[in-house]
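Notes for the one structure printed next.
The values are calculated or read from the model by the stated rules, or taken from the named source; none is laboratory data. All values derive from a computational prediction rather than experimental measurement. Backbone-built Cβ (ideal geometry, glycine too); neighbour counts: all protein chains shown. Areas reflect the complete protein model, heavy atoms only, side chains present, ligands, DNA and RNA absent. Shrake-Rupley method; radii C 1.70, N 1.55, O 1.52, S 1.80 Å.
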Amino acid sequence: VEGMSGGVAWLWDPKGEVRKRKLPAAVEVGATDPKAPHAAYPDELKDLQQLLESHRQFTGSAVADRILQRWPESAAEFTRIFPSDFRKAVERARDEGKPSPLGSMEEFLPVPGQHALRPTRSRSIQIKAAPAIARAVGSDIEDLGAMLARGSRPKKVDEVESVVKSHRGFLTLDRAELPKREKAERVLDFQEILAEKDEQEIRTQAARCMDCGTPFCHQHSTQRSGCPLGNLIPEWNALASQGRWKEAWTRLMKTNNFPEFTGRVCPAPCEGACTLGIIDDPVGIKSVELSIIDKAYEMGWMKPSPPPSRTGRRVAIIGSGPAGLAAADQLNKKGHDVVVYERSDRIGGLMMYGVPNMKADKVDVVQRRVEIMRQEGV
C-alpha cells in the first residue's frame, strides 16, 4: 500500500479486517458498495466483475465462482484501495474532459476466447505467446507530472517534522538550489560563490526524498545511472531532514572519502537518476551532501583520526588527485604507511590546479582536507 502511486486495488475482505487497520493517509480505503458506485470510478462494479470472471475462467477458482454466484451483493465484501493523488488525477481528467488515467479493464485482461494453458502432471508448463493487444487510451504515471503545481509550492517550511512524518514532501515541496552571493560582491574577489546555507531549507529539501524501494540514485551500473561511489543517499537524506546531522555525516563518510569535494564539483549523476525526476525536479542531493559535510566541519566532528595500529607495510601513491588521495586515505585507515608523490608544488591534483577557486576554495577546502590526512599519518 505504501508504494502505490496509481491504479486501484481490491481485496476480498468479507470481515472488513483491512479497513480496521491503520493505513497510510496517502490512500483512500473503503468498502465497495453495489448500490452506490464510487464518484471517481463509476465503472468499478463492472470492472471488478469482469476481473473476477476472467480469474474464474483461467484458474478455475471456486472462491471466485461462489462470489460471482452472489453478485452484485457480494461486491460489498471487497475493500477498495485508491491512492488519493491518483484519485484526484482521475477526477481532474474527468472534469477537463480528458481520457481517464484508469484506462480500460480490457487493457489488462487476456483476449476473450483465448484460454490459458494449464500445467501438466509432470509440472512442465507450456507458455503461449499472448496476441498483441491494442492499448486503451489513458494516462501513465509519467503523465501525472503535468498535474503537479510545480513552481507554486514552498521550498522551505518551518515544521519540517510534519512533512517528514507525512512522507509527502516530494509532492508538496518545490526544489531549491543553494543560495549564491550577490554578483556585485562576487566580482570583487575569487572566493567561493556560495552564500551561507539556510539549515531549515536544507532539511526541507532533504524531506523531498521519496525513500524509494529501489533507489537508483546510489547505484552505478551504466553510464546513465547514479552515484559511482554508492553513497547511501536515501539514508542520509532521511537523517538530514530530521536534523540528525552527525548521524547523516557518519553515513556519508562510509562511502565517500571527500564529500567536501564531490558536494562542490561533482556533476551529480545521482540527481539524473533520481526517481522523482521522472515527473518533477529531482531531489537536491548534491546540496544536501555539501551541507552535511560543511556542518561536520562547523561542529568539529571532522578531525584527524589516525589508525589505532600500523601494519608495517609501506605503500607509494603516484599522483595526488582525488583518486590518489582516496586510495591513500583508504590504505592509511587500514594501518599501512602511505606516501603520496606529486610533481606539482602542492597536493590536490585537479582539485588544486584544475577546478577554479570560486567552485572549491584551495585553502579552506582542499588544503584543509589535505592537512587532516597529513595529521592522520599520510
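For Ala207, no residue 5 or more places off, or on another chain, has a built amide H under 5 Å of its own. Highest average first, the peptides 264-270, 335-341, 193-199 ordered by how many other beta carbon atoms sit within 10 Å of their residues are 264-270, 335-341, 193-199. Remind me, relative contact order of region 296-369 in percent, using alpha carbon pairs under 8 angstrom and six or more residues apart? RCO, region 296-369: 28 percent. In plain terms, the bigger the Kirkwood radius, the slower the diffusion; for region 238-315, with that radius from Cα pairs, at 25 °C and 0.890 mPa s, Stokes-Einstein puts D at 172 µm²/s.
Couplings 3J(HN,Hα) for region 349-359, derived from phi with the Karplus relation 6.51 cos²θ - 1.76 cosθ + 1.60 (θ = phi - 60°), are x, 4, 5, 8, 10, x, 7, x, 4, 5, 9 Hz, where x marks Gly and Pro. Each other residue within a Cβ distance under 11 Å of Gln200 adds +1 if Lys or Arg and -1 if Asp or Glu, for a net charge of -1.
Phi angles across region 331-338 convert, under the Karplus curve 6.51 cos²θ - 1.76 cosθ + 1.60 with θ = phi - 60°, into 3J(HN,Hα) values of 5, 5, 4, 7, x, 7, 8, 10 Hz, Gly and Pro given as x.
One Cα centroid belongs to region 14-93, the other to region 278-308; the line between them spans 46 Å.
The heavy atoms of Phe170 present about 40 square angstrom of accessible area, all protein chains included, probe 1.4 Å. Here the relative contact order of region 251-352, from alpha carbon pairs under 8 Å that lie six or more residues apart, stands at 22 percent. Sorting the segments 282-295, 302-315 by their mean number of nearby beta carbons within 10 angstrom, highest to lowest, gives 282-295, 302-315. Direction-averaged projected area, Cα convex hull, region 15-72: 5.1 nm², rounded to one decimal. For Ile317, the residues 5 or more places off, or on other chains, whose built amide H falls under 5 Å of its own are Val339, Val340, Tyr341. Here the chain exposes an accessible surface that is 53 percent carbon and sulfur, computed with a 1.4 Å probe and the other protein chains kept in place. Here the Karplus relation 6.51 cos²θ - 1.76 cosθ + 1.60, evaluated at θ = phi - 60°, turns the backbone of region 177-187 into coupling constants of 9, 5, x, 10, 5, 4, 4, 4, 7, 5, 6 Hz, with x for every Gly and Pro.
DSSP beta bridges confined to the chain are antiparallel in about 70 percent of cases.
Contact order, relative form, for the chain: 11 percent (alpha carbon pairs under 8 Å, 6 or more residues apart, mean separation divided by residue count). For region 174-270, rounded, prolate or oblate, judged on the Cα gyration tensor with a ≥ b ≥ c (square roots of eigenvalues), a/c < 1.5 rounded, else prolate if a/b > b/c? Prolate. In this structure the amide hydrogen of His38, modeled in the peptide plane, comes within under 5 Å of the amide hydrogens of Glu44, none closer than 5 places in sequence on its chain.
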